[in-house]
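J.: Handing you this structure, nothing more for now.
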Amino acid sequence: MIKHKTEKQIDSQELIISPDTTRIGWIGTGVMGLPMCRHLLKAGYKVAVFNRSRDKADPLLKMGAKWADSPLSVSRSSDVIFTIVGFPQDVRQVYFGKNGVLAGLNSGGICVDMTTTSPSLALEISRAAEKMNGFVLDAPVSGGDMGARNASLSIMIGGEERIFHVLMPLFRLVGKDIVYQGSNGAGQHTKMCNQIVIAGTMIGVCESLVYAARAGLDPFRVLESITKGAANCWSLENLAPRILKNDYDPGFMIDHFIKDMGIALDESKRMDINLPGLSLVERIYREASARGHGRDGTHALYQALLESNTHSSASRHHAI
């Protein structure tokens, strides 16, 4: 267990994270959550897991994780609880539901929400936990399924800085670039900055490959050139090759990305700023989802653009 000298007067020197003494709870074993939790198990931590669909947690249970039948059960049996679920409403249910994390949070317990959600919800959770002598960090990640599998995620963290330093041994097991951003909500705001960049970048990558296809170019040769110049970026290096292999399995689903862009647009309105580029990309992604690509990876935007252009081309030929 994690022991404190006095409640709410934490000296980070006295909080020791160790596989021998620290009990971990993990809620959410999807595309990202499962490989992240796997790293903790491999490091020797005792982990209690919960997921709405138990079968998705089976690989972790086979590694020695213990099944808990609710977020409340996870919370009661854990010193540090990680959550990484789908949408803000899922986060709210996991924390505030009748059988939620906060209903079973131990005094001095630490919650780490790694879901991408709204900064205001991160603040709401931290204030509720504080009333129970608990602590919360918002710690959204970037790097997709490959980053989760390779423990190379970028982690953006908001909350009490002392708790951030306490949990660094755990963060280092799942991420590579781990940056403290500020008080509660700052991690989520930083993730919005990340998603705004990705939104514009991804449409550029997909439109570039649509252009290459229509121009009759060899797309592999195109990538050989443009990944060596100023256009190079993570999406071009990691997702463009998937597109060319017709691999649209989600590292991150289109519908989840639409959720993230919606959060960023809502926050921008609250801060009285206008983001026309993000508004445009969000609309295009909604069209991709309407075409049936909502549960594909974000790079399936390429397929939606191809379908749109094929339809437009056919319409022009028919008119002629």
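J.: Those residues that are in contact with a helix residue (DSSP H, G or I) (Cβ under 6 Å, 6 or more places away or on another chain) and either of a type in the set (D, E) or surrounded by fewer than 19 Cβ atoms within 10 Å (Cβ to Cβ) (or both), I need them from segment 243-254; list them, please.
T.: Selection gives L244 alone.
J.: Among the residues of segment 22-29, is there at least one that is more than 20 Å from the chain's Cα centre (by Cα) and modelled with pLDDT of 95 or more?
T.: Yes.
J.: Checking the structure you have, find out if any residue of segment 106-117 is among the small types (G, A, S), buried (at least 23 other Cβ atoms within 10 Å of the Cβ) and modelled with pLDDT of 95 or more.
T.: yes
J.: Related question: Can you find a residue in segment 165-183 that is crowded, with 21+ Cβ neighbours inside 10 Å, within 24 Å of M114 (Cβ to Cβ), among the hydrophobic types (A, V, I, L, M, F, W, C) and in contact with a helix residue (DSSP H, G or I) (Cβ under 6 Å, 6 or more places away or on another chain)?
T.: Checking segment 165-183: at least one residue is crowded, with 21+ Cβ neighbours inside 10 Å, within 24 Å of M114 (Cβ to Cβ), among the hydrophobic types (A, V, I, L, M, F, W, C) and in contact with a helix residue (DSSP H, G or I) (Cβ under 6 Å, 6 or more places away or on another chain).
J.: Taking segment 263-285 as the search range and keeping residues that are within 21 Å of S208 (Cβ to Cβ) and charged (D, E, K, R), which one is surrounded by the most Cβ atoms within 10 Å (Cβ to Cβ)?
T.: Restricting to residues being within 21 Å of S208 (Cβ to Cβ) and charged (D, E, K, R), the top hit is E282.
J.: Same structure again: Cβ-Cβ below 6 Å, separation at least six or inter-chain, first residue in segment 228-243 and among the acidic types (D, E), second part of a helix (DSSP H, G or I) and surrounded by fewer than 17 Cβ atoms within 10 Å (Cβ to Cβ): which pairs?
T.: none
The values are calculated or read from the model by the stated rules, or taken from the named source; none is laboratory data. From a predicted model like this one, the values you see are computed outputs, not experimental measurements. Note: ideal-geometry Cβ built from the backbone for every residue, glycine included; neighbour counts use all protein chains shown.
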